[in-house]
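Here the structure is laid out as structure tokens; the discussion comes afterwards.
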Amino acid sequence: TPNASYISVSMNDNHNLCYCDNCSALMNKHGSYAGVNLTFVNRLAEEIKDEYPNVLIHTFAYFENRIVPTGIEPADNVMVELCSIEQCFSHPLEECSDYSGESFVDLLKGWAAISDTLAIWDYTTNYANYASTFSNFEVLRQNLRLFADNNVEYIFEQGNHSDRSLEFGELRGYLISKLMWNPYMSQ
């Protein structure tokens with residue numbers, strides 16, 4: 001795809017990570033597994049930057065990769081996408097810690113401080129029970145404002161749109177679209 005604007009190089013959607021001596025040393029050096037990931041991704045970014053100056057290497061800050069590393073930053077042509085999967089989504093991210101006690105806001109601010117291009121993969125529904133009503137409409141606005149205030153450039157909002165849904169998926173999609181244009185709107 002010669003016109004691609006980014007290429008995604010990320011961990012799998014699981015917790016199966018390498019803990020060989022080299023990876024463990026990088027993880028210890030940088031204080032998180034994200035250091036292992038960024039070492040690899042930055043090397044790829046360096047290899048392609050001259051031939052493909054307008055292409056970003058995309059990678060996830062997800063599960064073990066979400067903790068902001070020390071002593072390493074994403075290259076200029078690397079886009080980090082922080083995922084909020086560990087959150088509960090029923091109240092604003094600024095009022096919530098994930099299930100491991102990490103503050104998403106601290107993670108967001110940490111990644112924003114070291115990343116030239118930051119993206120968010122956000123979740124907007126109750127994954128434990130798709131069929132129940134999930135009235136977090138005001139939460140959506142507060143979270144999108146948080147992202148805008150922290151210079152997030154790209155947002156993917158994953159929700160539930162299915163025939164079995166009672167959670168107003170169409171309305172939620174409409175509101176998210178409007179808020180992505182203007183997260184500071186009043187109504």
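The values are calculated or read from the model by the stated rules, or taken from the named source; none is laboratory data. The structure presented is a predicted model; accordingly, all values stated were derived computationally and were not measured. Here the Cβ is made from the backbone with ideal geometry for all residues, glycine too, and neighbour counts use every protein chain on show. Each accessible area value is taken on the protein alone, full model and side chains, heavy atoms only, with ligands, DNA and RNA left out. Shrake-Rupley method; radii C 1.70, N 1.55, O 1.52, S 1.80 Å.
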Can you sort 58, 91 by solvent-accessible area, 1.4 Å probe, largest first? 91, 58
For the chain, what does the helix formula give at 222 nm: sum of -39500 (n - 2.57) over DSSP H segments with n ≥ 4, over the residue count, nearest 500 deg cm²/dmol? -10500 deg cm²/dmol
Two-site FRET efficiency, residue 4 against residue 95, from Cβ-Cβ distance with R₀ of 45 Å, rounded to 0.05: 0.75
What is the Cα coordinate range of the range 1-97 on the first, second and third principal axes, sorted by size from largest, in whole angstrom? 43, 34, 23
At R0 = 25 Å the Cβ-Cβ FRET efficiency linking residue 103 and residue 43, nearest 0.05, sits at 0.25
Heavy atoms only, 1.4 Å probe, whole protein assembly: order 79, 27 by accessible area, highest first. 27, 79
Over its Cα atoms, what ratio of radius of gyration to 2.2 N^0.38 Å does the range 42-187 give? 1.12
Spin-label proximity, residue 127 to the range 14-34 - amide N less than 11 Å from point 7 Å beyond Cα toward beta carbon: 14
Tell me which aspartates and glutamates have Cα within less than 16 Å of residue 109's Cα, excluding those fewer than 8 residues away on the same chain? 73, 81, 94, 95, 98, 122, 149, 153
Surrounding net charge for residue 153, when Lys and Arg each add one and Asp and Glu each subtract one, Cβ distance under 12 Å: -2
